[in-house]
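Here the structure comes first, spelled out in C-alpha coordinates, and everything after it is commentary.
The values are calculated or read from the model by the stated rules, or taken from the named source; none is laboratory data. Keep in mind that what you see is a predicted model, and the values were worked out from it rather than measured. Note: accessible area is taken over every heavy atom of the protein model, side chains too, but ligands, DNA and RNA are not part of it. Shrake-Rupley method; radii C 1.70, N 1.55, O 1.52, S 1.80 Å.
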Amino acid sequence: MTLLVSPRGPKGWNPTPARRRMRVPAGKSRKLNFALQIPRNVDKGRYLIAAEVELDGHPQGEVCVALIDI
(Lines give C-alpha, C1' and ligand atoms only; values in the text may rest on other atoms or scores of the structure.)
Protein backbone atom coordinates (compact mmCIF):
# COMPACT_ATOMS: atom_id res chain seq x y z
CA MET A 1 0.00 0.00 0.00
CA THR A 2 1.18 3.53 -0.71
CA LEU A 3 0.62 6.05 2.04
CA LEU A 4 0.65 9.85 1.63
CA VAL A 5 0.56 11.91 4.84
CA SER A 6 0.21 15.71 5.02
CA PRO A 7 0.38 17.16 8.55
CA ARG A 8 -1.99 20.00 9.44
CA GLY A 9 -1.68 22.42 12.32
CA PRO A 10 -3.10 25.83 13.11
CA LYS A 11 -2.58 28.59 10.55
CA GLY A 12 1.06 29.70 10.51
CA TRP A 13 2.43 26.42 11.90
CA ASN A 14 4.64 25.00 9.18
CA PRO A 15 5.35 21.26 8.93
CA THR A 16 8.57 19.96 7.40
CA PRO A 17 8.30 18.19 5.09
CA ALA A 18 4.88 19.42 3.97
CA ARG A 19 3.95 15.84 3.04
CA ARG A 20 5.56 12.46 2.90
CA ARG A 21 4.86 9.41 0.73
CA MET A 22 5.97 5.87 1.50
CA ARG A 23 5.24 2.28 0.64
CA VAL A 24 4.09 0.00 3.46
CA PRO A 25 4.18 -3.76 2.74
CA ALA A 26 1.19 -5.85 3.89
CA GLY A 27 1.47 -6.86 7.54
CA LYS A 28 4.18 -4.28 8.27
CA SER A 29 4.18 -0.90 10.00
CA ARG A 30 6.21 2.23 9.38
CA LYS A 31 6.92 5.43 11.29
CA LEU A 32 6.91 8.90 9.75
CA ASN A 33 8.54 11.90 11.40
CA PHE A 34 7.71 15.53 10.80
CA ALA A 35 8.99 18.74 12.38
CA LEU A 36 6.50 21.49 13.16
CA GLN A 37 7.63 25.11 13.40
CA ILE A 38 5.45 26.94 15.93
CA PRO A 39 5.29 30.77 15.72
CA ARG A 40 6.98 32.59 18.62
CA ASN A 41 3.92 34.68 19.48
CA VAL A 42 1.44 31.78 19.76
CA ASP A 43 -1.11 32.07 22.58
CA LYS A 44 -1.04 29.54 25.41
CA GLY A 45 -3.62 26.84 25.00
CA ARG A 46 -4.32 23.41 23.53
CA TYR A 47 -3.83 22.86 19.81
CA LEU A 48 -4.88 20.04 17.51
CA ILE A 49 -2.34 18.59 15.11
CA ALA A 50 -3.91 16.46 12.41
CA ALA A 51 -2.87 14.72 9.23
CA GLU A 52 -4.57 14.30 5.89
CA VAL A 53 -4.09 10.70 4.86
CA GLU A 54 -4.30 9.08 1.46
CA LEU A 55 -4.08 5.29 0.94
CA ASP A 56 -3.29 4.04 -2.55
CA GLY A 57 -4.57 7.31 -3.99
CA HIS A 58 -7.85 7.27 -2.02
CA PRO A 59 -8.33 10.19 0.42
CA GLN A 60 -9.12 9.05 3.96
CA GLY A 61 -9.74 12.53 5.35
CA GLU A 62 -8.14 14.28 8.28
CA VAL A 63 -7.06 12.15 11.21
CA CYS A 64 -6.25 13.55 14.67
CA VAL A 65 -2.74 12.55 15.65
CA ALA A 66 -1.85 14.82 18.58
CA LEU A 67 -2.94 17.49 21.03
CA ILE A 68 -0.27 19.99 22.04
CA ASP A 69 -0.44 22.14 25.19
CA ILE A 70 1.52 25.39 25.11
Checklist entry - Sequence-distant or interchain residues sharing an amide H contact under 5 Å with Glu52, placed H: which? => result Ser6, Arg8, Val63
Checklist entry - So what J values fall out for the stretch 7-16 if you push phi through Karplus, 6.51 cos²θ - 1.76 cosθ + 1.60 with θ = phi - 60°, rounded to Hz, Gly and Pro as x? => result x, 9, x, x, 3, x, 8, 10, x, 10
Checklist entry - Which lysines does Lys11 reach when only Cα atoms under 18 Å apart count, and residues fewer than 8 places away in its own chain are ignored? => result Lys44
Next on the checklist: Could you tell me what a quarter of the Cα convex hull surface of the chain works out to, in nm² with one decimal place?
Outcome noted: 5.0 nm²
Checklist entry - Residues of the chain: accessible area per residue at 1.4 Å, in Å²? => result 77 Å²
Checklist entry - If you plug each phi of the stretch 38-54 into the Karplus form 6.51 cos²θ - 1.76 cosθ + 1.60 with θ = phi - 60°, what whole-Hz ³J(HN,Hα) values come out, in order, with x for Gly and Pro? => result 9, x, 5, 9, 5, 6, 5, x, 10, 10, 8, 10, 10, 9, 7, 10, 10
